[in-house]
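The values are calculated or read from the model by the stated rules, or taken from the named source; none is laboratory data. Everything numeric in this text was worked out from a predicted model, so none of it was measured. Reconstructed Cβ throughout: ideal geometry from the backbone, glycine too, with neighbour counts over all protein chains shown. We work out accessible area using only protein heavy atoms, side chains counted, and drop any ligands, DNA or RNA first. Shrake-Rupley method; radii C 1.70, N 1.55, O 1.52, S 1.80 Å.
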Amino acid sequence: MNFKRILAIDPSGSFEEGQGTTGACFWNCETNKVQNFFTIRASQYKQKEEYWQAHLNFINSFLHYGPEIIVVIEDFMLDPARALQQSYSRMETSKLIGIMQTYLFQKKIAYVMQRPAEVKTRWADSILLHKGVLVRVNKRYYLPDGDETVNVHCRDAIRHAIHFDTFKNGRKR
């Protein structure tokens with residue numbers, strides 16, 4: 001399949017466990033550029049279900065692209081090295097991911113899951129800078145024509161979008 005748009009999401013469901021921040025990126029495959037990036041912050045909501053619903057509302061705002069768009073979601077797997085640290089965790093991020101998957105399935109919107117390990121080193125900040133996807137001013141990152149700081153969660157979403165578009169989108173380059 002050849003998608004023209006990618007909505008990439010780096011989800012954090014941590015409402016009770018640290019006030020999560022989800023980063024998202026809207027990637028244009030035709031221009032090979034970030035059209036926009038977004039942050040959804042748990043601290044702006046009174047309960048976790050309201051925070052999770054904000055993710056579905058956000059996704060819904062892109063559904064008018066129909067078959068032109070795919071949603072790429074960073075997957076969550078419990079790392080054995082961190083398993084003890086996460087004892088008694090409510091696994092809120094996993095729950096949020098499941099809610100998004102079910103919603104996308106119901107709406108018949110294509111989506112894929114990508115592991116963080118697939119993209120973190122392949123698309124390090126230094127590579128995003130070299131390719132001109134981001135610029136760095138002092139210790140902050142921006143889009144080339146932007147004035148809003150691109151936080152780490154949004155940069156992770158950008159990594160997922162670029163990785164999918166480069167290696168999995170089925171386009172001839």
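Provide a single number: the residues in segment 120-142 that are more than 17 Å from GLN35 (Cβ to Cβ) and in a loop (DSSP other than H, G, I, E, B).
So in segment 120-142, the residues more than 17 Å from GLN35 (Cβ to Cβ) come out as 120-127, 129-130, 136-140.
Now restrict to residues that are in a loop (DSSP other than H, G, I, E, B): 120-124, 138-139.
Qualifying residue count for the region: 7.
Take the residues in segment 22-74 that are in contact (Cβ under 8 Å) with a residue 40 or more places away in the chain and among the charged types (D, E, K, R); name whichever of them is nearest to LYS108 (Cα to Cα).
It comes out as GLU68.
Return the residue satisfying two criteria in turn: it lies in segment 1-60 and is of a type in the set (Phe, Trp, Tyr) and part of a strand (DSSP E or B), and of such residues it is most open to solvent (accessible area, probe 1.4 Å).
PHE38
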